[in-house]
Amino acid sequence: MIPMHRSEGLSTHVENGERRFFYGWVVVIASFFVAMMAYGGAYSYGVFLRPLRQDFGWTAAATSGAFSFYVLSYCSLSILSGWAVDRFGPQITTGLGGLFMGLGLFFSSQVNSLWHIYMTYGLLIGAGMSTVYSPILTTITRWFTERRGLALGIVTSGIGVGILVIPLFASYLISIHGWRISYLIIGPIIGGIIVTASFFMKKGLSQRGKASEERIFLDKVDKGNNGKEGIRRYEIASDVIGLSIREAAGTKTFWLLSSMNLLVGVTQLMIMVHFVPYVQEGFKLSPIIVATLLSSIGAVSIAGRLIMGAASDYIGRKRALAISTSIQGVMIIGFIFSSSVWMLYLSAAFYGFGYGGNTPQFPALTGELFGLRRMGTILGTQTIFYGIGGALGPLLAGHLFDATDSYINAFALAAIAMLLTATFTLFLKKPQKVSSSGAPKK
C-alpha cells in the first residue's frame, strides 16, 4: 500500500493501484450550493422590496414585515428541521426545504395582497430556510473530524457567495422583466438546484453513533493495530459524549452557548439592518459608496469563513470564535470613531472577516460539546436563540435612535455584546453525559 500523507488530511490514497476518494468532500460541495442558493434567494428580498411597494402602495414597515415574519418562521422551525435531520437524514430534510423555497419564490410572483407575501415569503421560504443552516452544518460536522473546520468554512462561504451573487442576478432580471417574471425565473432555479444537491448529501456513519467517515477513512489508510484501535477509540468517544436535547438542556454549557448565540444575533442583525442608515446619517455618502461598504462586509466574510474555519482545526474552535467575535466588537467601535471614508472601509472589511470567521465555529462547537447523536436538534434549538437576538437587535437600535437621534449608543451595546461573547468562550466546557435521573455518569 502507498498511502498519501495522512498529516495533510487528503481525501484519497492508493492501495494496490486503486485510487479511493473520500465522499465527504462531495457532501461539502453539495452543501456549498445549498447554502449559496438558499441564502442568496432569501436575502434577495431587499431588491424586490421597492418594486412591491411601488406596485401596491404598501408602507415600508408593512412590506419589510414579511422579512421579520421570515426570520420568525426560519428560527422557530429550526428545531423541527434539526430533529428531522437527526431522524431522517439530510437528503429528505434539505430536499423538502428546497421544494418549499422554490415554491415560495414561485408563488411570490402571484401575490396581490400584503398577506400573500407574508405567506409565500415569510412562511414558505422561512420553512425552507430552516432546513439549511442546522441540517447541512450538522451533516458536515458528522462527516469530518480532522478537517471539520475547513469543511465548515467552505460550506458557510457559500452563504457569502450567495448573498453577493443572487441579489445582483435578481436585480438584473427585475430591470428587464419586472418583479413578477423575475420571481418566476429564480424560483425554479433555486429550488431545483437545492433539491438536486440534496441527493448527494448522504449521512455519515457518526449519525449512527460511530466515528466520522473521515476518521474511519484515515484510519484505513494506516491499516494495522493502530488504525483499528483508532476506529474503536472514536466509536467509544462518539457514543459517550452524545447527549440528547433533554440532557444537553440540563447543562450550564447549553445555556452559556445559547446566550452567546443570542448576543451574536443581536449584534449581527442590528448591524445588517442599521449599518447603511448609520453611514448615511453620519457621513452623507452617495448610495454607490454605501453599497460598496456593505458589499465589502459580505465579500471579506467569505475569506473569514475559509481562513478561520481552517485555522480552527489547529488552534481550536473556542480560540477561533474568541478571535472572530473580538474582531467584530473592536471594529464596531471602529465604526463609531471613524472620521473618514477609508476608516469606514477598513473597519467594514475587518468586521466582515470576524463576521465570517465566527460562523463555522458555532456548529463545530455544538458537535464537540454535546456530541453528534442529537446534534441537529440541539443546533436547531440554538438557532432559535440567535433568531430571538436577531429580532431584538434591530428593534433596540431603532428605539435608541428615535430616543437619541444617534446610533452611537446602539453600536456601543453591540460592541459590548460581541466582546462578552468572546469572553464567554473561556467558560465553555464539555459537559458530562448524564443518566436518566439527571446524575452525571462517572
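The values are calculated or read from the model by the stated rules, or taken from the named source; none is laboratory data. Keep in mind the model is a prediction, meaning the values are calculated, not measured. Cβ sites come from the backbone with ideal geometry, for glycine too, and all protein chains shown count toward neighbours.
Would you point out the residue of the range 350-407, among those that are of a type in the set (D, E, K, R) and part of a helix (DSSP H, G or I), that is nearest to the chain's Cα centre (by Cα)? Taking the candidates together, the pick is Glu368.
Yes or no: the range 28-38 includes at least one residue that is under 22 Å from Leu395 (Cα atoms) and under 18 Å from the mean Cα position of the chain (by Cα). Taking every residue of the range 28-38 in turn, none turns out to be under 22 Å from Leu395 (Cα atoms) and under 18 Å from the mean Cα position of the chain (by Cα). Checking each residue in the range 348-395 for being aliphatic (A, V, I, L, M), more than 18 Å from Thr253 (Cα to Cα) and surrounded by fewer than 23 Cβ atoms within 10 Å (Cβ to Cβ) picks out Ala349, Ile388, Ala391, Leu392, Leu395.
One residue stands out in the range 101-155 among those that are in a loop (DSSP other than H, G, I, E, B) and of a type in the set (A, V, I, L, M, F, W, C): the one that is modelled with the lowest pLDDT, namely Phe144. Considering only residues of the range 43-61 that are out of contact with any Lys or Arg (no Cβ under 9 Å at 6 or more places or on another chain) and more than 19 Å from Arg180 (Cβ to Cβ), which is modelled with the highest pLDDT? This residue is Tyr43. For the range 20-88, the helices (runs of 4 or more DSSP H) that sit wholly inside it and include 3 or more residues that are closer than 25 Å to Leu372 by Cα are 24-43, 60-76, 78-88.
Within the range 372-384, being farther than 18 Å from Ala151 by Cα and either outside the structural domain of Met260 (by TED's automatic domain parsing) or of a type outside the set (A, V, I, L, M, F, W, C) (or both) holds for Arg373, Arg374, Thr377, Gly380, Thr381, Gln382, Thr383.
Look at the range 346-364: where a residue is assigned by TED's automatic domain parsing to the domain that holds Met331, no partner that is modelled with pLDDT of 90 or more and not in a helix (DSSP H, G or I) sits 6+ places away or on another chain with Cβ atoms under 8 Å. Between Ile159, Ile154, Ile136, the distinction of being in the same structural domain as Ser68 (by TED's automatic domain parsing) and surrounded by fewer than 24 Cβ atoms within 10 Å (Cβ to Cβ) belongs to Ile154 only. In this entry, Val165 passes the filter for residues that are over 11 Å from Arg305 (Cβ atoms), assigned by TED's automatic domain parsing to the domain that holds Asp55 and either surrounded by fewer than 24 Cβ atoms within 10 Å (Cβ to Cβ) or not acidic (Asp, Glu) (or both).
Quick check: anything in the range 281-289 buried (at least 21 other Cβ atoms within 10 Å of the Cβ) and at pLDDT 75 or above? Within the range 281-289, not a single residue is buried (at least 21 other Cβ atoms within 10 Å of the Cβ) and at pLDDT 75 or above. The listed residues are Ile176, Ile159, and the only one of them that is closer than 23 Å to Tyr355 by Cβ and at pLDDT 85 or above turns out to be Ile159.
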